[in-house]
Amino acid sequence: MKLRLRSGFLPLDRVAVMGVLNVTPDSFSDGGLWLDPDAAIRHGIGMVEQGAAIVDVGGESTRPGAVPVPQEEELRRVIPVVEALSAELDAPVSIDTRKPEVARRAVEAGASIVNDTAGEEADRAMDDVAIDTGAAVVIMHSRGTPSTMRSLTDYEDVVADVSSWLRERAERLEDRGAPHDAVVLDPGFGFAKTPPQNLEILGRIDEFLALGHPLLVGTSRKSFIGAVLDLPEGERVEGTMATVAWAVARGAQIVRVHDVIPAVRTIRMVEAIRDAR
Ligand code: HH2
């Protein structure tokens, strides 16, 4: 399997690690570390040296309760970083945003993948960015906004509801001209989901893989891991790697993580076991 980009493809025969680069003061995990553009650029390059296949640049935290960032401020944070990393790296850069205009400007600055985190609130204009530019797109499930998502966790069957929403949105994109192999699906761990719901999604991850698109899993350091292990955000690497190993063993093709080295090692080990069968 491979992911179609604006120019060329990203091979997915080996699992791709997407390194998180939040250019924000308030992200739940790396907030404030990479606000300075030079530090952000160095960190992005460093993650690729560690084995990341994609660098995901975001300028607005999506953690529950996060304060919304005005568009101009988000652009000011992400564009210089996207531009520099796209020029410097062979690895594709993705733009993590809820806003179509930020996505469009980031693609113009060199990003190859739109990581749309708006979920059920997504604007049609976000689909237009992918269709007009040929950028690949990650469709992630979420409900509401960071300030309301915690109260929007009623599902009939979380796996069935989220997967049918992902399938319908992917079909809409494809009907409007996006190539099938440019669309990645993501159940959106922690976005309008309770800890047990996040575990159920992981446990039934095969049902998302059956949709026939590359699957992205973004569990890194999230609170459902903290809930299982009773550990704070800074001590969730092992828990994260357990989720990575589980998802990769079942066939997930992209994992979005803060800790690139442990993820690369975990994945290599799982792949070696799989290849030996
Ligand atoms: N999770 C976060 C942000 N973007 N994108 C995708 N596709 N999937 C995810 O699971 C995902 C995402 C939240 O994590 P983080 O970027 O670390 O935090 P914050 O939103 O506070 O910046």
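FYI, it's all coordinate maths here, none of it is from the lab. From a predicted model like this one, the values you see are computed outputs, not experimental measurements. A quick note on method: Cβ atoms are made from the backbone with ideal geometry, for glycine too, and the neighbour counts reach across all protein chains shown.
Peptide packing for 234-245, 196-207, 256-267 was compared via the average number of neighbouring C-beta atoms within 10 Å per residue; ordered from the highest value, the list is 256-267, 234-245, 196-207. Size descriptors for the chain, from the alpha-carbon set: Rg then Dmax equal 17.0, 52 Å.
Per residue, the convex hull spanned by the Cα atoms of segment 1-158 amounts to 120 cubic angstrom. When the square roots of the Cα gyration tensor eigenvalues are ordered a ≥ b ≥ c, the ratio a/c for segment 95-193 is 1.5 or more and a/b does not exceed b/c, which makes its shape oblate. Across segment 119-277, Cα-Cα pairs farther apart than 20 Å form 53% of the total. Going by amide H atoms built from the backbone, whose H comes under 5 Å of the H on residue 115, apart from near neighbours? It is 95, 96, 97, 138, by chain and number.
In sequence order, segment 243-248 has phi-based couplings of 5, 5, 4, 4, 5, 5 Hz under the Karplus curve 6.51 cos²θ - 1.76 cosθ + 1.60, θ = phi - 60°, and Gly or Pro positions carry x. The string of couplings for segment 70-78 from the Karplus curve (6.51, -1.76, 1.60, θ = phi - 60°) is x, 4, 4, 5, 4, 4, 4, 6, 8 Hz, one whole number per residue in order, with x for Gly and Pro. Each of 221, 172 was scored by other Cβ atoms within 10 Å of its Cβ. Arranged with the fewest first, they read 172, 221. Placing +1 on each Lys and Arg Cβ and -1 on each Asp and Glu Cβ, with no other charges, gives the chain a dipole about its Cα centre of roughly 500 debye. Per residue, the chain reaches -13500 deg cm²/dmol at 222 nm when only DSSP H runs of four or more residues are counted, each adding -39500 (n - 2.57). Derived scalar couplings between HN and Hα for segment 95-101 equal 10, 9, 7, 9, 10, x, 5 Hz in order, rounded to whole Hz, by the Karplus curve 6.51 cos²θ - 1.76 cosθ + 1.60 (θ = phi - 60°), x for Gly and Pro. Could you please state, rounded to a whole Å, how far the C-alpha centre of segment 184-209 is from the C-alpha centre of segment 55-129? If we compute the Cα centre of each part, the gap is 23 Å. Exposure proxy for 139, 41: other Cβ atoms within 10 Å of each Cβ, ordered fewest to most, give 41, 139. Between 69, 48, 57, the residue with the greatest mean-square fluctuation in the GNM of the chain (Cα pairs under 10 Å linked by springs) is 69. Note on segment 25-82: Kirkwood hydrodynamic radius from all Cα pairs is 12.1 Å, rounded to one decimal. By the gyration tensor of its Cα atoms, with a ≥ b ≥ c the square roots of the eigenvalues, what is the shape of segment 185-277: rounded for a/c under 1.5, prolate for a/b over b/c, or oblate? The shape class here is oblate.
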